[in-house]
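Some notes on the structure that comes next.
The values are calculated or read from the model by the stated rules, or taken from the named source; none is laboratory data. Given the structure is predicted, the values throughout are model-derived calculations rather than measurements. Glycine also receives a Cβ, built like all others from the backbone with ideal geometry; neighbour counts cover every protein chain displayed.
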Amino acid sequence: MQLYCESLTEYKRLKTREVKIGDLLLGNFHPIRVQTMTTTDTMDTIATVEQSIRCIEAGSELIRITAPSKKEAENLLNIKNELRKRGYTTPIIADIHFTPNAAEIAARIIEKVRVNPGNYVDKKKFEQIEYTDAEYAEEIDRIKERFTPLVKICKEYGTAMRIGTNHGSLSDRIMSRYGDTPMGMVESAMEFLRIARGETYHNIILSMKSSNPQVMVQAYRLLIKTMFDEFGEIYPLHLGVTEAGDGEDGRIKSAVGIGTLLEDGIGDTIRVSLTEDPEFEIPVCKDLVQRYQVDRGSMTDGRHKESIELKSANGQQPTTNLPYSPFEYKRRETFAVDNIGGKHVPVVIADLSKIEKITTAHLQSIGYTYDAATDKWTIGDAAADYIFTGNQVLDFALPGTLKVIVYPAAWRLAEDKSKYFPIYGDSGYAEAEFKNDSLNFVMIDCYNDGVPPNSYLDKLANDPTVVICLSSTNTNAMQSVRLMFTELMSRNIKNPVVLITDSKWQTPDEHLIHFATETGALFLEGMGDGICLGYSGNAGMENIKATGRTYLEVKDIYQFTNNTAFSILQATRTRISKTEYISCPSCGRTLFDLQETTGKIRARTNHLKGVKIAIMGCIVNGPGEMADADFGYVGSGPGKITLYKGKEVMKRNVNSEVAVEELINLIKENDAWVEV
Ligand code: SF4
């Protein structure tokens, strides 16, 4: 193993233990399983069975159902029997929080239980208590006493278990010693895992979920390393980003977190948590997984991953002395060229080069609206910083903040050199007679074998006018570009880098996942000072509807690509350009219509750039799970909502009819509101 995966330079699945869930095998190189969770009331047997069937028909290989108390745990038997009667043998998972007695009932009925180590025994009080070593050890004994009976039942009944840590619901004990950190998440699971191993029970899967993909990725990597160092083996991993939200943002956040880990061969089962009906999560899961599942002999289109071993310039694997830490976020150090690199947030470059004649109307798609009557531009929060126009010099005056990248011949023709900048191929720049005094873009393709083109690299290294644009046509594109970054870091080359990613996929969901995975994985490592997304294949929008599948609606490719770029930066927390919604996927505990309410809140607040709003279905898990939200809207009883500022209750049991308005008032009272 290399640090946290089998290989940093080729696609290789991580070897994990094999686990049996009913008849389903998971881990140990079995296919990556996809799963979801029902949102119906668990006491409503028929509604739960019918929703489960819709999910199974969509391809879900496991179905999770909440069991908040003993009566729901007992009703799992009716649900299971009805499903079996209708011919469905898909394994069922009971989702448990706070209630060991419900877990012990469920473990005798269904195939798997999920426990949350943050609240299985502990009741979270959000208190910062100092624990002495003796007190801490006493707490561990208490957990052992309470958790061991469940382990014994699972062992006796052949029931599998997920130890599912959530970033937002770490116990006070863990928080006191490790804080709200990836290491705290890992230790929270390890305490339970050690107890289970002590009972020689191994039918275990683990997860480290967070609504922040950065925290989530670091926690999984640390968990793998910790398990391997302590046990010499790794238990299978269930991947997920919690409270990802809905629509494009939910898909992008999930793909950034889950996709980054899948790229390194990590993950045995995945769940994409969307605030949508659960059956709609499955196609997104499948899109994420299909990138790694195609028969290797048929991979000719550059879309699927294959095993190509990359080497750095000196022929060595860059794995023992990585010039960055994969366990913590630190942005790669660069100097600034114009507004790119240094301390600047990553820039967004819109590729408009396929438009034959660019007009002011085209710029509306990328955040600039022109009013001919006043001859003024309105600039949106998600307005691209640069456009690439190929050989076109525009015949209208540009908005103040927008600059243009063109090929060298067009650049020489452009009158306003403060607005136009040339882009060269790597050898082209080295040999160019004319260059811009302040900013030149230089394309480098990270070649198939990953060896950087040394001779060209030497010529532009640390040239204060050069921004490097990295791309790769390799099927292992992310690894190739990452290898190039390690080369730049090892050689102390501090030019800023723009990530250029093309998609050859067909559907909007596939494009989103491709862009978010390939670039998100690098931004989460602190690599990248800009992003440019494009299509080298068919953008595919016309062919999509014929398949009959529900996809994101895309009317304007340029707007879609521009928004995707900004959303990737937002999901990786490298550039905040809009309101962030942390909304739970809902489950049988949910106390209001989450999709409808999320829509209403979004409609009123989507102009509050940088404000994080949580919309959570229940008071049991909601406050713990809403992570670092600034404001929280949490179901606290039928028709009742409790409003939070951070973790503090501000308005308790507000009537749901006026709760959205009260939330707006709360935001206003705390000076976080701006008028549209
Ligand atoms: S926060 Fe949402 S998904 Fe989580 S338990 Fe409560 S209602 Fe269910």
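Tallying residues that are over 18 Å from the mean Cα position of the chain (by Cα) and at pLDDT below 90 within the stretch 535-585 yields 22. Got a number for residues in the stretch 229-253 being modelled with pLDDT under 95 and within 15 Å of the ligand (Cβ to nearest atom)? Looking only at that region, the number is 7. Six or more apart or on different chains, Cβ atoms under 6 Å: show the pairs whose first residue is in the stretch 230-252 and under 19 Å from G617 (Cα atoms) and whose second is assigned to a strand (DSSP E or B) and aliphatic (A, V, I, L, M). These pairs meet every condition: E243/I582; G250/A244. Applying a threshold of 8 Å to beta carbon distances and a minimum spacing of six or more residues, or different chains, the list of pairs starting in the stretch 194-211 at a residue that is under 21 Å from L274 (Cβ atoms) and touching a residue at least 60 places away in the same chain (Cβ under 8 Å) and ending at one that is part of a helix (DSSP H, G or I) and of a type in the set (K, R) reads S211/K253. Scanning for something part of a helix (DSSP H, G or I), out of contact with any Asp or Glu (no Cβ under 6 Å at 6 or more places or on another chain) and free of Cβ contacts under 8 Å to residues at least 24 places away in the same chain, does the stretch 604-626 turn up at least one residue? No: the stretch 604-626 contains no residue that is part of a helix (DSSP H, G or I), out of contact with any Asp or Glu (no Cβ under 6 Å at 6 or more places or on another chain) and free of Cβ contacts under 8 Å to residues at least 24 places away in the same chain. Scanning the stretch 470-518 for residues that are of a type outside the set (S, T, N, Q), over 19 Å from the mean Cα position of the chain (by Cα) and assigned to a strand (DSSP E or B) gives L470, V497, V498, I500, D502.
Restricting G639, G635 to residues that are on the phi > 0 side of the Ramachandran plot and surrounded by 14 or more Cβ atoms within 10 Å (Cβ to Cβ) narrows the list to G639.
Let's see how each residue does on (1) hydroxyl-bearing (S, T, Y); (2) more than 26 Å from the chain's Cα centre (by Cα); (3) modelled with pLDDT under 55; (4) closer than 21 Å to E6 by Cβ:
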position	(1), (2), (3), (4)
E279	no, no, no, no
T300	yes, yes, yes, no
I308	no, no, yes, yes
Q316	no, yes, yes, yes
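Taking first residues from the stretch 45-73 that are over 25 Å from V620 (Cβ atoms) and partners that are within 15 Å of the ligand (Cβ to nearest atom) and in a helix (DSSP H, G or I), the Cβ contacts under 9 Å between residues at least 6 apart in sequence or on separate chains come to R54/P278; A58/P278; A58/E281. Would the stretch 134-141 turn up any residue that is in contact with an Asp or Glu (Cβ under 8 Å, 6 or more places away or on another chain) and either of a type in the set (G, A, S) or in a loop (DSSP other than H, G, I, E, B) (or both)? For the stretch 134-141, residues in contact with an Asp or Glu (Cβ under 8 Å, 6 or more places away or on another chain) and either of a type in the set (G, A, S) or in a loop (DSSP other than H, G, I, E, B) (or both): absent.
Being among the aliphatic types (A, V, I, L, M) and more than 9 Å from the ligand (Cβ to nearest atom) is the filter; apply it to the stretch 616-632 and report the residue that is modelled with the highest pLDDT.
Here the residue is A629.
If the condition is being outside any loop (DSSP other than H, G, I, E, B) and within 16 Å of the ligand (Cβ to nearest atom), then the stretch 554-584 contributes Y581, I582, S583. Please indicate, with yes or no, whether at least one residue in the stretch 585-600 is surrounded by fewer than 21 Cβ atoms within 10 Å (Cβ to Cβ) and more than 16 Å from the ligand (Cβ to nearest atom). Yes. The set of residues in the stretch 183-225 that are closer than 25 Å to G245 by Cβ and of a type in the set (S, T, N, Q) comprises S188, S207, S210, S211, N212, Q214, Q218. Suppose we keep only residues that are among the acidic types (D, E) and part of a loop (DSSP other than H, G, I, E, B) within the stretch 365-384. Which one would you say is nearest to S577 (Cα to Cα)? In this case the residue turns out to be D381. Scanning the stretch 612-641 for residues that are touching a Cys at 6+ places or on another chain (Cβ under 9 Å) and over 20 Å from F98 (Cβ atoms) returns a single hit, I615. V34 falls short of the stated requirement of being touching an Asp or Glu at 6+ places or on another chain (Cβ under 8 Å), assigned to a helix (DSSP H, G or I) and closer than 26 Å to L274 by Cα. Each residue in the stretch 206-230 was checked for being in a helix (DSSP H, G or I) and in contact with a helix residue (DSSP H, G or I) (Cβ under 7 Å, 6 or more places away or on another chain), and 10 of them qualify. Checking the stated criteria, M185 turns out to be in a helix (DSSP H, G or I), in contact with a His (Cβ under 7 Å, 6 or more places away or on another chain), within 24 Å of I582 (Cα to Cα) and of a type in the set (A, V, I, L, M). Screening L643, L666 for residues that are hydrophobic (A, V, I, L, M, F, W, C), touching a Leu at 6+ places or on another chain (Cβ under 6 Å), part of a strand (DSSP E or B) and away from the ligand (no atom under 14 Å from the Cβ) leaves exactly one candidate, L643.
Evaluated against (1) touching a residue at least 12 places away in the same chain (Cβ under 8 Å); (2) more than 21 Å from G27 (Cβ to Cβ), D133 falls short on exactly one condition, (1).
Within the stretch 95-114, take every residue that is of a type in the set (D, E) and farther than 13 Å from G22 by Cβ and give me the one that is nearest to the ligand (Cβ to nearest atom).
Ranking the candidates gives D95 first.
Among the conditions (1) under 17 Å from R589 (Cα atoms); (2) crowded, with 20+ Cβ neighbours inside 10 Å, G27 misses just one, which is (1). Within the bounds of the stretch 236-250, is there any residue that is at positive phi and of a type outside the set (G, A, S)? Checked against the condition, which is being at positive phi and of a type outside the set (G, A, S), the stretch 236-250 yields at least one hit.
Taking the stretch 383-412, which residues are crowded, with 18+ Cβ neighbours inside 10 Å and hydrophobic (A, V, I, L, M, F, W, C)? If the condition is that a residue be crowded, with 18+ Cβ neighbours inside 10 Å and hydrophobic (A, V, I, L, M, F, W, C), then A383, A384, I387, F388, L394, L402, V404, I405, V406, A410, W411 are the ones that fit.
If you go through the stretch 14-30, how many residues are in contact with a strand residue (DSSP E or B) (Cβ under 9 Å, 6 or more places away or on another chain) and part of a loop (DSSP other than H, G, I, E, B)?
Counting residues in the stretch 14-30 that are in contact with a strand residue (DSSP E or B) (Cβ under 9 Å, 6 or more places away or on another chain) and part of a loop (DSSP other than H, G, I, E, B) gives 8.
Inside the stretch 77-94, residues that are away from the ligand (no atom under 16 Å from the Cβ) and under 34 Å from the mean Cα position of the chain (by Cα) make up a count of 8. Would you say R271 is within 13 Å of the ligand (Cβ to nearest atom) and surrounded by 24 or more Cβ atoms within 10 Å (Cβ to Cβ)? For R271, the condition - within 13 Å of the ligand (Cβ to nearest atom) and surrounded by 24 or more Cβ atoms within 10 Å (Cβ to Cβ) - is met.
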